[in-house]
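Notes for the one structure printed next.
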Amino acid sequence: MTQNQPDDRAAPQLTEDEMAYVLSLFDMARSGDTENLLTAVRAGVPANLTNGKGDTLLILSAYHQHEETVAALLAAGADPDRVNDNGQTALMSAVFRGSESIVRALLAAGASQTAGAHTAADFARVFERTELLPVLEERARS
């Protein structure tokens, strides 16, 4: 294959309706629409679906503080250590938002405190979420 020839292995193009559906999945993660999102995942949508910024469904759910959605995505196999284009993980999103329950859920699911561009503890310090440091330290010792 030369530079001017198309690659037959290129990703398939989505129709407008298909693209709208995919985008709606990210909206479901943002709004905490756990039931519909989980239905889609059970039907074959990847639990680690990633948007154009590298945000996963889990990262968006954690950022928007939807504990039930985070738990459902983790149970469905979402990777807590996926890193978006800004070097952030779901754990960093939960730390940034100060959501102790989501931080605990992610840590219990095996989220690394060192995945991404910064450690979770550094993120907590930078964004003045020092109330989460004992939770992070407790998990780091166990």
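Values quoted throughout were computed directly from the atomic coordinates according to the rules given, and no laboratory measurement underlies them. Quick caveat: nothing in here was measured; it's all calculated off a predicted structure. Every residue, glycine among them, receives a Cβ derived from its backbone with ideal geometry; neighbour counts consider all protein chains shown.
Structure notes:
- Any chance A72 is among the small types (G, A, S), closer than 21 Å to F123 by Cα and crowded, with 20+ Cβ neighbours inside 10 Å: no
- Considering only residues in segment 99-128 that are within 20 Å of D85 (Cβ to Cβ) and hydroxyl-bearing (S, T, Y), the one that is nearest to the chain's Cα centre (by Cα) turns out to be S112.
- Any hit, segment 108-129, residues being assigned to a loop (DSSP other than H, G, I, E, B), over 21 Å from M19 (Cα atoms), without any contact (Cβ under 8 Å) to a residue 40 or more places away in the chain and of a type in the set (D, E): yes
- The single condition among (1) in a helix (DSSP H, G or I); (2) under 17 Å from Q65 (Cα atoms) that L136 does not satisfy is (2).
- Residue in segment 63-82 that is β-branched (V, I, T), over 26 Å from N36 (Cβ atoms) and in a helix (DSSP H, G or I) present: no
- Any hit, segment 85-98, residues being under 14 Å from L74 (Cβ atoms) and either over 13 Å from the mean Cα position of the chain (by Cα) or part of a loop (DSSP other than H, G, I, E, B) (or both): yes
For (1) surrounded by fewer than 20 Cβ atoms within 10 Å (Cβ to Cβ); (2) hydroxyl-bearing (S, T, Y); (3) in contact with a strand residue (DSSP E or B) (Cβ under 6 Å, 6 or more places away or on another chain); (4) closer than 13 Å to A29 by Cβ, each residue gets a yes or a no:
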| residue | (1), (2), (3), (4) |
| --- | --- |
| L57 | no, no, no, yes |
| H64 | yes, no, no, yes |
| V83 | yes, no, no, no |
| S101 | yes, yes, no, no |
| A115 | no, no, no, no |
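- Of the residues making up segment 13-62, those that are touching an Asp or Glu at 6+ places or on another chain (Cβ under 6 Å) and farther than 15 Å from P80 by Cβ are T34, K53.
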